[in-house]
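The values are calculated or read from the model by the stated rules, or taken from the named source; none is laboratory data. Quick caveat, the model's predicted, so the values are computed rather than measured. As a convention, Cβ positions derive from the backbone with ideal geometry for all residues, glycine included, and neighbour counts pool all protein chains shown. What goes into the accessible areas is simple: the full protein's heavy atoms, side chains included, and nothing from ligands, DNA or RNA. Shrake-Rupley method; radii C 1.70, N 1.55, O 1.52, S 1.80 Å.
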Amino acid sequence: MHPIFIRLGPLAIHTYGVFVAIGFAIGLAVAGWRARSEGISAEQVSDLGVWLIIAGMLGGKLFHIIFFWDDFIAGWHADGIRSLREGFVFYGGFILATLAAVVYAHKKRQPLAKLLDIFSPSLALGHAFGRLGCFFNGCCYGKPCSLPWAVTFPPPHIMAGVPVHPTEIYEALGNLAIFGGLSLFYRHKRFDGQVWWLYVLSYGVLRLLVEFFRGDYDVFYFGVLTIGQIVAITMIVVASLALALAPKVVKLRPA
């Protein structure tokens, strides 16, 4: 646990923010490289990237406020406006960033499905860096366990001294695997949008599984499911339907 990356006088640069920035930068670079094979300029990717960054951060914060209201209020009472630097939920950022991509593609008359395919591997790669930031920040922690790879956070962490599942590392490794798999599959896709829906499906499965080891939830729906698992199941169902139905309504590329 190392929440502060470096202090420059009164200015504290947070490790979480550093990793998120690295993830955005590398993700955009990879997407720009991939865009050339689709006849889309790197400048267009960078332009859309600005939309996605703003929408992603805004959506992540709004989702945290809506579904983790008590945590938000506690942080506000403790640190005031400075508390806004923490507490971002991936799903909120994912949903609002996706809507931003739809609006951008419509406004700029760009092929939405191709853009989503281009960004899908980069999204997984950037998310892996974000989860490493979570690990150093001590958030999104796991349940207590006695496994050899359990981690122990120092005070003042709420689980200080208790070995827990390194769920942040689980998800980071899973996202790296998704990035590698989608990158290898990209050149074999049969229709535009296929890589995107494979990302939605694979991340839904990853998140559904990792959530069973998370220890930072107080509210469970239907007695067993976290809000993260409910969204993950929705992603799995929607993506599975899209992958099954799309070949019937779109023109397939030669195998």
Helix 167-186 versus the longest principal axis of the chain: what is the Cα-based angle in degrees, 0 to 90, to the nearest 10? 10 degrees
For the charge dipole of the chain, defined by +1 on Lys and Arg C-beta atoms and -1 on Asp and Glu C-beta atoms about the Cα centroid, which residue among Leu184, Leu8, Leu147 has the Cα displaced farthest towards the positive pole? Leu184
Helix 15-35 sits at what angle to the longest principal axis of the chain, using alpha carbons and giving 0 to 90 degrees rounded to 10? 10 degrees
Computed over the chain: longest principal axis from alpha-carbon atoms vs helix 90-108 long axis, angle to nearest 10 degrees, is 30 degrees
Nearest 20 debye, what's the magnitude of the dipole of the chain about its Cα centre given +1 on Lys and Arg Cβ and -1 on Asp and Glu Cβ? 1000 debye
At a 1.4 Å probe radius, carbon and sulfur cover how many percent of the accessible area of the chain? 71 percent
In a Gaussian network model of the chain with springs linking alpha carbons closer than 10 Å, the residue among Arg207, Arg34, Arg190 that fluctuates most is Arg190
Roughly speaking, what is the stretch gain from Ala150 to Arg36, that is 0.36 nm per residue apart minus the C-alpha to C-alpha distance, in nm to one decimal? 36.8 nm
Derived scalar couplings ³J(HN,Hα) [region 235-241; Karplus, 6.51 cos²θ - 1.76 cosθ + 1.60; whole Hz; x for Gly, Pro]: 4, 5, 5, 5, 5, 4, 5
Report the per residue volume, in Å³, of the convex hull enclosing the C-alpha atoms of the chain. 146 Å³
For region 87-166, just say rounded, prolate or oblate: build the C-alpha gyration tensor, square-root its eigenvalues into a ≥ b ≥ c, call rounded for a/c under 1.5, and beyond that prolate if a/b exceeds b/c, oblate if not. prolate
At Leu176 and Ile233, where each label point lies 7 Å from the Cα along Cα→Cβ, what is the point-to-point distance in nanometres? 3.1 nm
Exposure ranking of Lys189, Lys114, Lys248, Lys108 by accessible area [1.4 Å probe, largest first]: Lys248, Lys108, Lys114, Lys189
Result for the chain: accessible area per residue, probe 1.4 angstrom, in square angstrom, of 53 Å²
For region 103-255, please report how many Lys pairs fall under 18 Å Cα to Cα, leaving out neighbours fewer than 8 apart on the same chain. 4
Charge dipole magnitude, Cβ of K and R +1, D and E -1 - region 143-221, Cα centre, debye nearest 20: 360 debye
Based solely on its DSSP helices, what 222 nm [θ] is calculated for the chain when runs of n ≥ 4 H residues each add -39,500 (n - 2.57) and the sum is averaged over all residues, nearest 500 deg cm²/dmol? -22000 deg cm²/dmol
Once amide H atoms are built 1.01 Å from N in the peptide plane, which residues 5 or more positions from Phe191, or in another chain, come under 5 Å H to H? Arg253
